[in-house]
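K.L.:
Pasting in a structure now, in structure tokens, and then I'll have a few things to ask.
The values are calculated or read from the model by the stated rules, or taken from the named source; none is laboratory data. The structure presented is a predicted model; accordingly, all values stated were derived computationally and were not measured. Cβ sites come from the backbone with ideal geometry, for glycine too, and all protein chains shown count toward neighbours.
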Amino acid sequence: MELEFLGFARTMSGWLRLVVVSACAVLAVAAMPVAGIPLTAVFAAVTIAWSVAYFRWIRSGRNIRLLTAVDLTLVTGLCLTQAYTVPASQDRHGDTWILVTVSIVAVGYQMTHPGVAGALAALLVAGADLVGVVLDRPATWGAALPNVLWLLVQSALSHTFYRLLLRRSRAADSAAASAAAARLGWQVAEARRTAEREHLATLHDTACATLLMASVPGSRIRPEVLRAQARRDLERLAPERRRMDDVVLTELLAEEIASHALRVLVRGDAELGPVWWPAAAALRDSVGESLRNVARHAGVRTAEVSVGRVGHRAVVIVQDRGRGFDPAAVPAHRQGLARSVIGRMHTVGGRATVESRPGEGTVVRLEWPRG
């Protein structure tokens with residue numbers, strides 16, 4: 001906000017100088033007697049040319065110190081030409097085009113050179129204007145003094161408003177920076193929570209599930225099967241290179257399905273095309289947790305996995321015809337589906353839904369991206 005305001009102040013000052021001073025210079029030529037027009041026209045042309053150059057220079061922002069020195073020299077010199085640029089009939093100082101020009105310059109400097117530089121510039125051009133009056137019309141300098149003092153008051157007011165707006169711009173920048181820092185902190189914290197949830201979900205789906213199978217009294221699972229499962233658990237839990245490429249989803253699903261003791265009937269497309277790795281991993285792990293739930297709770301040894309596309313979405317459905325359950329009656333501490341399926345799919349921008357009724361089996365529908 002501050003940089004935008006400073007740029008606007010420079011541009012506004014340049015436009016004000018270009019339009020008002022150039023118009024005053026043209027009117028000065030028109031107000032002069034015929035005999036004085038040629039010399040006044042020369043000063044007016046120089047004034048207009050410099051106003052154009054000043055406008056382009058101030059907007060570029062290059063070498064402001066040199067611009068200030070040249071500008072104040074020319075404006076001060078213009079103030080001293082009042083004997084040649086102000087008609088003799090114009091005896092009131094407040095009616096001269098020089099005063100209007102000096103007012104625009106002094107006020108503009110408060111927007112481009114705030115602080116001591118702006119105050120010194122206003123004092124310099126105001127003093128030069130008064131000296132020009134004394135050189136041209138010595139008897140009227142007393143009447144011109146209130147106008148010069150008012151010019152300084154205008155400069156002070158311009159400086160005050162500039163500082164007020166600059167302070168507001170800085171406050172807006174500070175508030176925006178604080179908000180951005182807060183958003184960044186929230187995003188970092190959310191990323192940590194997401195990573196923790198993913199780790200807990202992976203731990204739930206792998207080592208915990210394997211240990212549960214091994215601890216069941218009278219388990220008929222062969223030792224070599226448990227060893228193979230434990231090896232896959234370790235591979236899944238080991239930190240792997242962060243991948244962002246596309247992979248073949250059907251190959252990941254086939255590998256996951258083959259690791260389960262259930263009889264799984266696979267239907268649908270043999271090839272889904274490339275799928276973003278984080279999404280493919282989430283679909284794979286969600287299918288694995290769904291099949292483990294079938295083995296633990298459904299009371300059947302068969303399940304069906306359907307794979308396909310609906311428009312731009314990859315859709316995977318895991319279905320069984322087991323005993324089913326009431327999703328609303330699941331205890332709060334049982335978060336297998338909520339964390340390992342629904343939460344996991346939500347993390348990658350997908351969606352998971354679970355439909356089940358007692359005695360009617362269960363259907364888990366996975367979609368990526370979200371439909």
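K.L.:
Is it the case, given these coordinates, that P274 is modelled with pLDDT under 85 and closer than 18 Å to P369 by Cβ?
P.N.:
Numbers: modelled with pLDDT under 85: yes; closer than 18 Å to P369 by Cβ: yes.
When the stated conditions are applied, P274 passes them.
K.L.:
While we're looking at this one, here's another question. Yes or no: T96 among the hydroxyl-bearing types (S, T, Y), in contact (Cβ under 8 Å) with a residue 60 or more places away in the chain, crowded, with 17+ Cβ neighbours inside 10 Å and under 20 Å from I48 (Cα atoms)? Outline the logic, then answer.
P.N.:
On the way: among the hydroxyl-bearing types (S, T, Y): yes; in contact (Cβ under 8 Å) with a residue 60 or more places away in the chain: no; crowded, with 17+ Cβ neighbours inside 10 Å: yes; under 20 Å from I48 (Cα atoms): yes.
The answer is no for T96.
K.L.:
Can we say R56 is assigned by TED's automatic domain parsing to the domain that holds T68, among the charged types (D, E, K, R) and loosely packed, with under 15 Cβ neighbours inside 10 Å?
P.N.:
Values: assigned by TED's automatic domain parsing to the domain that holds T68: yes; among the charged types (D, E, K, R): yes; loosely packed, with under 15 Cβ neighbours inside 10 Å: yes.
Answer is yes for this residue.
K.L.:
Which of (1) more than 26 Å from G349 (Cα to Cα); (2) at pLDDT 85 or above; (3) of a type outside the set (F, W, Y) is the odd one out, the single condition I221 does not satisfy?
P.N.:
Of everything listed in (1) more than 26 Å from G349 (Cα to Cα); (2) at pLDDT 85 or above; (3) of a type outside the set (F, W, Y), I221 misses just condition (2).
K.L.:
Can you name every residue in region 354-371 that is more than 16 Å from A279 (Cα to Cα) and of a type outside the set (A, V, I, L, M, F, W, C)? Full working, then the answer.
P.N.:
Of region 354-371, the ones more than 16 Å from A279 (Cα to Cα) are 354-364.
Result: E355, S356, R357, P358, G359, E360, G361, T362.
K.L.:
Scan region 66-86 for residues that are in contact (Cβ under 8 Å) with a residue 40 or more places away in the chain, within 22 Å of A139 (Cα to Cα) and surrounded by 15 or more Cβ atoms within 10 Å (Cβ to Cβ) and jot them down.
P.N.:
Once the filter is applied, which keeps residues that are in contact (Cβ under 8 Å) with a residue 40 or more places away in the chain, within 22 Å of A139 (Cα to Cα) and surrounded by 15 or more Cβ atoms within 10 Å (Cβ to Cβ), region 66-86 yields T76, C79, L80, T81, Q82, T85, V86.
K.L.:
Got a sec? Which of R309, R263, R339 is in the same structural domain as G361 (by TED's automatic domain parsing), without any contact (Cβ under 8 Å) to a residue 60 or more places away in the chain, within 20 Å of A352 (Cα to Cα) and not hydroxyl-bearing (S, T, Y)? Please lay out each step first, then the result.
P.N.:
On the way: R263 fails: within 20 Å of A352 (Cα to Cα); R339 fails: without any contact (Cβ under 8 Å) to a residue 60 or more places away in the chain.
Of the residues listed, the single one that is in the same structural domain as G361 (by TED's automatic domain parsing), without any contact (Cβ under 8 Å) to a residue 60 or more places away in the chain, within 20 Å of A352 (Cα to Cα) and not hydroxyl-bearing (S, T, Y) is R309.
K.L.:
Moving to a separate point now. Any idea which of R163, R137, R183 is of a type in the set (K, R), out of contact with any Leu (no Cβ under 8 Å at 6 or more places or on another chain) and under 26 Å from L66 (Cα atoms)?
P.N.:
Numbers: R137 fails: under 26 Å from L66 (Cα atoms); R183 fails: under 26 Å from L66 (Cα atoms).
One residue alone meets the criteria, R163.
K.L.:
Here is a list: V102, V134. Which entry is in the same structural domain as V75 (by TED's automatic domain parsing) and under 22 Å from Y54 (Cα atoms)?
P.N.:
Numbers: V134 fails: under 22 Å from Y54 (Cα atoms).
Sole residue among the options that is in the same structural domain as V75 (by TED's automatic domain parsing) and under 22 Å from Y54 (Cα atoms): V102.
K.L.:
Quick check: anything in region 141-149 in contact with a helix residue (DSSP H, G or I) (Cβ under 9 Å, 6 or more places away or on another chain) and under 18 Å from M12 (Cα atoms)? Full working, then the answer.
P.N.:
Filtering region 141-149 down to residues in contact with a helix residue (DSSP H, G or I) (Cβ under 9 Å, 6 or more places away or on another chain) leaves 141, 143-149.
From what's left, under 18 Å from M12 (Cα atoms): none.
No.
This table checks each residue for (1) within 22 Å of G77 (Cα to Cα); (2) without any contact (Cβ under 8 Å) to a residue 24 or more places away in the chain; (3) surrounded by 15 or more Cβ atoms within 10 Å (Cβ to Cβ); (4) among the hydrophobic types (A, V, I, L, M, F, W, C).
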| position | (1), (2), (3), (4) |
| --- | --- |
| A106 | yes, no, yes, yes |
| D129 | yes, no, yes, no |
| P146 | yes, yes, no, no |
| H159 | no, no, yes, no |
| R168 | no, yes, no, no |
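K.L.:
Next question. Any residue that is in contact with a helix residue (DSSP H, G or I) (Cβ under 9 Å, 6 or more places away or on another chain), part of a helix (DSSP H, G or I) and farther than 30 Å from L6 by Cβ - is there at least one of those in region 116-130?
P.N.:
Yes, region 116-130 has at least one match.
Residues checked against (1) over 17 Å from V100 (Cα atoms); (2) in contact with a helix residue (DSSP H, G or I) (Cβ under 7 Å, 6 or more places away or on another chain):
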{"residue": "P33", "(1), (2)": "yes, no"}
{"residue": "V42", "(1), (2)": "yes, no"}
{"residue": "W50", "(1), (2)": "no, yes"}
{"residue": "W57", "(1), (2)": "yes, yes"}
{"residue": "R62", "(1), (2)": "yes, no"}
{"residue": "L67", "(1), (2)": "yes, yes"}
{"residue": "T73", "(1), (2)": "yes, no"}
{"residue": "L78", "(1), (2)": "no, yes"}
